[in-house]
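The values are calculated or read from the model by the stated rules, or taken from the named source; none is laboratory data. Since we're looking at a predicted model, the values are computed, not measured. With ideal geometry, Cβ positions are generated from the backbone for all residues, glycine too; neighbour counts draw on all protein chains shown. Each accessible area value is taken on the protein alone, full model and side chains, heavy atoms only, with ligands, DNA and RNA left out. Shrake-Rupley method; radii C 1.70, N 1.55, O 1.52, S 1.80 Å.
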Amino acid sequence: MVLVAVFGVALLIAVLLSGLAARTVLSTSLLFLVGGALVSDGFLGLIHITPDSEIVSVTADLALFAVLFTDGQHVSFAKLRANWRNPARALGLGMPLAFVFMALITHYLVGLDWTTSFLVGAVLAPTDPVFASAIVGRKEVPAKLRELLNVESGINDGLALPVVLLLIAAAGPTAAGHTDEASIGTICLELAMGLAFGVLLPLFAGGLVRFRLLGAEAKLQPLLPLATGITLYGLCHLTHANPYLAAFSAGAVLAAVSPEAKEAFEPLGEALAELAKFAALLVFGALLTPRLFADLPWQGYVAVVLAIVLIRPASLLISLAGTRFARREKLTAAWFGPKGFASVVYGLLVLQSGIPQAEQAYTMIAVCIAFSIVAHSSTDVPIARMFDVEDLVGIPDDEHDQEDRQAGQERKTAV
């Protein structure tokens, strides 16, 4: 119950400071991360949590599922069909480049073997704009930029998972119970089942609502997507289907087939996703003890800094070369590659796998996630406001920005 009380206090402080956080570099995500670290064994010792504690894997798993389910509802298939090239570039070129560059730095700088180095690269390749919420949630930020980051982060988690599992199997002897999980056939089946459940279950629920004798009354309508999500989560874990691919695809299908249910669920869904995110951050923060940071050699810290300030930016800038993104939009997309819940979950898989260099790999992954949360969640608001300020003062970034403004003025005139 101590953990529940600590979470309640942290939530109260976060709510009271949320208005200030929305205007400054203060981050509510960072508050929970620091709060978890303060009450852990490394400082006050109020709670005792280890990486192999069940609460760690459960909260991270629930948070990632909830966030992907709500993120999927922000995807517009019509817009995606018209603008699929940019997310495809980020996923098909930017993500593999980040994966390979991270592996090279990990091997040559930190000294991990090749397989474990590529495993670290695969774990840290997925991005998570939850920790840069001002970028994907503020209207002054160009819609195509928000859509790029949302789609990229939603899909790359599922793409990274089979690579992580295969590399764990290839890295050496594993702990009992993990040897069968990483076969290629099993992984493909789990991904296919996750996608199938994520598409079919919302379609089935949406079809039931259209029956004459069925349907939700107004006050219960927000619970229909919630019931769909809970059912999907349980179904995926019972059948070992990929829950993350299922969550994102279910959210997107739900928004497409039942926009009224999506609109009714949105306030509740966003609040639940925030709660799950804060709980996972508090638990993850409790793992960030002084000993963990002391276990990482200086070469590891250099690799972590390079992962954040060089590898992700360079990889995405290469993938977006030749696109119609404005210069500031490319730089913003390149900077916001935060490591989040997917990397936490995959890092825990590495630690619990029992491979020879599991602890060294997990330490580097955990420190990189912590640094990323601090760096990205404290810069999202200032950068988001930069778009609004530049628009207000009329400073064109390039010819493409001028075209966007002219098109906007024409739409206003037409209305």
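Under the simplified labelling scheme, the VAL2-PHE293 pair shows an inter-label distance of 2.2 nm, with each label point 7 Å from Cα along Cα→Cβ.
Here the extension length gained between GLU54 and ARG81 equals 5.7 nm, from 0.36 nm per residue of separation less the Cα-Cα distance.
With a 10 Å radius around each residue's Cβ, average the other Cβ atoms per peptide and rank 62-71, 287-296, highest first.
Numbers: 62-71: 26.5, 287-296: 15.7.
Packing proxy ranking, top to bottom: 62-71, 287-296.
Ligands, DNA and RNA left out, the 1.4 Å accessible surface of the range 1-70 is 77% carbon and sulfur atoms. Residues in the range 187-296 average 49 Å² of solvent-accessible surface per residue, probe 1.4 Å, ligands and nucleic acids excluded. For the peptides 233-243, 32-42, 328-338, the ranking by packing is 328-338, 32-42, 233-243, with the highest mean count of neighbouring Cβ atoms within 10 Å listed first. Ignoring ligands, DNA and RNA, what percent of the 1.4 Å accessible area of the range 272-379 is carbon and sulfur? Summing carbon and sulfur atoms, their accessible area is 68 percent of the total for the range 272-379. A Förster radius of 35 Å combined with the Cβ-Cβ distance from ILE318 to MET386 puts the calculated FRET efficiency at roughly 0.90. Above 12 Å lies some portion of the pair distances; for the range 34-85, what is it as a whole percent of all C-alpha pairs? I get 74 percent for the Cα pairs in the range 34-85 exceeding 12 Å.
Between GLU359 and THR239, what is the FRET efficiency for a Förster distance of 25 Å, r being their Cβ-Cβ separation, to the nearest 0.05? Walk me through the numbers on the way to the answer.
Working: r = 32 Å, r/R0 = 1.26.
FRET efficiency, GLU359 to THR239: 0.20.
Of the peptides 368-380, 195-207, the order by per-residue mean of other Cβ atoms within 10 Å, starting with the highest, comes out as 368-380, 195-207. Each residue, LEU46 and LEU20, gets one label point 7 Å from its Cα in the Cβ direction; the gap between the two is 1.8 nm.
One decimal place: the segment LEU109-THR186 gains 24.3 nm when fully extended, by the rule 0.36 nm per residue minus the C-alpha distance. Heavy atoms of the protein chains alone define the surface here; on that basis the range 304-393 has 33 Å² accessible area per residue at 1.4 Å probe size.
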